[in-house]
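Everything below concerns the one structure shown next.
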Amino acid sequence: MSSRSSWAEPYKIKMVELLKMTTPQRRKKVIKEAGFNTFLLKSEDVYIDLLTDSGTSAMSDVQWAGMMRGDEAYAGSRNYYNLEKSVKDTYGYKYLVPTHQGRGAEHLISSILIKKGDIIPGNMYFTTTRLHQELAGGQFRDIIIDEAHDAESLHPFKGNVDLAKLESLINHHGAAKIPYVCIATTVNMAGGQPISMDNLRQVRELTSKHGIRIIHDMTRVAENAYFIQQREPGFKRKSIARIVREICDLTDGATMSAKKDALVNIGGFLALNEWEVFEEARNLVVVYEGLHTYGGLAGRDMEAMAIGIKESVDQNHIHARVGQVEYLGQRLIEAGIPIVQPIGSHGVFLDARRILPHIPQDQFPAQTLAAQLYIDAGIRAMERGVVSAGRDPITGENRFPKLELVRLTIPRRVYTQAHMDVIAESVMRVYNRRSKIKGMQMVYEPTYLRFFQARFEPI
Ligand code: F0G
């Protein structure tokens with residue numbers, strides 16, 4: 001383990017991508033044309049892009065070299081076997097089905113394991129994960145601890161499962177109605193909050209007692225491992241790689257969006273320990289993604305992923321990654337800006353409820369704040385509140401989540417400390433004129449995952 005205490009980057013820059021600067025006049029015009037939805041902006045109109053950490057990371061020279069070694073055979077590509085080895089060595093899961101990205105894996109596992117009327121408990125919902133569970137006929141149930149829904153709670157493991165909630169679901173519905181419990185490491189919608197090893201062990205014990213699987217959403221597992229190492233007694237001297245492995249060993253299978261932790265621009269997989277489930281997934285993948293040795297990916301994409309997985313569990317890498325996010329979060333805390341605390345691993349989440357208390361939730365405070373941030377300095381963030389939560393599929397009513405957030409998501413290895421300062425200063429400027437900001441109404445609402453394409457107008 002390194003003795004370095006600064007989070008300074010363990011890499012230097014070999015190539016740069018030039019950014020376009022825009023004027024406030026242009027930004028006002030284009031955000032209006034985009035229906036005040038940052039997803040509908042053109043990226044060339046963005047200065048600092050904090051929409052997501054998904055597929056936006058910078059690959060290493062080693063990964064780029066791997067891209068040149070793509071074996072683009074339809075079947076049995078060498079890169080598939082490299083990926084399989086990387087997944088087995090790093091995560092320990094026995095069987096691998098590559099998919100084009102995380103939701104491809106979610107689709108497969110949901111279709112295979114969920115029957116109509118089933119209940120899928122999870123430590124908070126994720127948008128695509130829950131939708132695939134619902135499309136397969138299941139119903140999601142939130143079993144995360146209450147602190148996770150409180151932006152101000154300083155609980156060090158807000159991703160933890162409330163075991164009493166899980167137990168009561170099992171008692172009420174019966175284990176036969178629960179095909180698996182979905183456990184996310186680093187809970188995205190809670191603000192990038194980790195689950196502790198101790199809590200995961202207890203979830204394992206309880207589910208094993210009832211013969212229920214744990215399917216692990218391992219999209220940001222290395223970031224979760226970092227928090228365990230830093231915060232949980234007994235882990236200070238364990239490597240990130242070892243902690244990651246320990247987490248995976250407590251679960252039965254995993255869905256992965258490799259576009260996050262694993263440092264690639266596209267790719268994902270479903271990993272399993274049960275042969276029968278794997279056999280079905282390997283068959284189903286040919287219907288929706290591609291042959292089971294490429295799952296919708298080019299050979300070169302699989303090679304970059306195989307390498308990125310190994311880079312993702314390096315101590316210096318993860319220290320710098322989370323350290324940069326913490327730097328930004330600390331600057332905002334010092335300026336008195338309400339954010340979700342503790343600071344998460346993949347981004348800083350602004351608490352729109354407390355920043356814009358005069359805007360009721362049905363006038364989309366977080367959506368409004370994200371649009372204002374863009375207008376101020378060309379910084380693109382994402383709404384994670386009532387728009388993202390969508391409607392209840394049974395009642396059709398809007399779901400009003402307690403957390404109404406704007407996510408400043410930090411891509412890995414992309415921006416500098418000076419960029420973090422620019423972001424902090426822009427948030428402060430918007431914060432200082434917050435009382436003048438007015439809410440919005442939704443004027444177009446798509447059926448699925450509405451936050452991607454919805455349009456708004458100021459009231
Ligand atoms: N699970 C989690 C926790 C995620 O954050 C994501 C994607 C997925 C699953 C789905 O993976 O995008 O590869 O299909 N999150 C992105 C985000 C979109 O911006 O948070 P995917």
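Observations
- Taking 0.36 nm per residue of separation and subtracting the current Cα-Cα distance, fully stretching the chain between D198 and L40 would add 52.7 nm.
- Fraction of antiparallel bridges per DSSP, the stretch 61-312 only, in percent to nearest 5: 50
- Pairs of Cα atoms nearer than 8 Å and 6+ residues apart set the relative contact order; for the stretch 383-459 it is 27 percent.
- Between I333 and D421, the modelled label-to-label distance comes to 2.1 nm, taking each label 7 Å out from Cα in the direction of the beta carbon.
- Antiparallel content of DSSP bridges confined to the chain, in %, to 5: 65
- Quick note on the chain: its Rg to Rh ratio, both from C-alpha atoms and Rh being the Kirkwood radius, is 0.95.
- Gap separating the Cα centres of the stretch 364-428 and the stretch 148-206, nearest whole Å: 24
- Extending 7 Å from the Cα toward the beta-carbon at both E33 and K165 defines two label points whose distance is 4.3 nm.
- Structure-based [θ]222 nm, the chain - -39500 (n - 2.57) summed over DSSP H runs of at least 4, per residue, nearest 500: -12000 deg cm²/dmol
- Among the trypsin sites (Lys or Arg not before Pro) in the stretch 118-223, none sits in a DSSP loop with a Cβ that has at most 11 other Cβ atoms within 10 Å.
- 5 angstrom amide H check on Y180, placed H, neighbours 5+ away: none
- Net charge of neighbours whose Cβ lies under 14 Å from the Cβ of D146, counting Lys and Arg as +1 and Asp and Glu as -1: -2
- Sorting T52, T23 by accessible area puts them as T23, T52; the probe is 1.4 Å, largest comes first, and only protein heavy atoms count.
- For the stretch 227-279 and the stretch 56-79, distance of Cα centres in Å: 21
- Remark on R399: its backbone amide H falls under 5 Å from those of G390, R391, D392, a criterion applied only to residues 5 or more positions apart or on other chains, H modelled at 1.01 Å from N.
- Three-way shape call for the stretch 192-293 based on the alpha-carbon gyration tensor, with the a/c threshold at 1.5: oblate
- Length-normalised contact order of the stretch 320-459 in % [C-alpha pairs under 8 Å, at least 6 apart]: 26
- Short to long, the 5 Å bins of the Cα pair-distance histogram for the stretch 388-459 hold 3, 11, 14, 19, 17, 16, 12, 6, 2, 0 percent of all pairs.
- All lysines inside 30 Å of K94 as judged from Cα atoms, apart from same-chain residues fewer than 8 positions distant: K85, K115, K116, K158, K177, K209, K236, K238, K259, K260, K310
- Longest exposed-site-free window of the chain, the sites being GluC sites (Glu not before Pro) in a DSSP loop that have at most 15 other C-beta atoms within 10 Å: 275-396
- The chain, relative contact order [Cα under 8 Å, separation at least 6], %: 24
- A run of the chain free of exposed loop cleavage sites, with chymotrypsin sites (Phe, Trp or Tyr not before Pro) counted only in DSSP states other than H, G, I, E and B and at most 12 other beta carbons within 10 Å, reaches its longest extent at 75-447.
- Put a dot 7 Å past the Cα of F452, heading toward its Cβ, do the same for S435, and the two dots end up 4.1 nm apart.
- Candidate lysines for bridging to K28, where Cα separation is under 22 Å - those fewer than 8 sequence places away on the same chain excluded: K20, K42, K436, K438
The values are calculated or read from the model by the stated rules, or taken from the named source; none is laboratory data. Keep in mind the model is a prediction, meaning the values are calculated, not measured. As a convention, Cβ positions derive from the backbone with ideal geometry for all residues, glycine included, and neighbour counts pool all protein chains shown. Just so you know, the surface numbers come from the protein's heavy atoms only, side chains and all, with ligands and any DNA or RNA stripped out. Shrake-Rupley method; radii C 1.70, N 1.55, O 1.52, S 1.80 Å.
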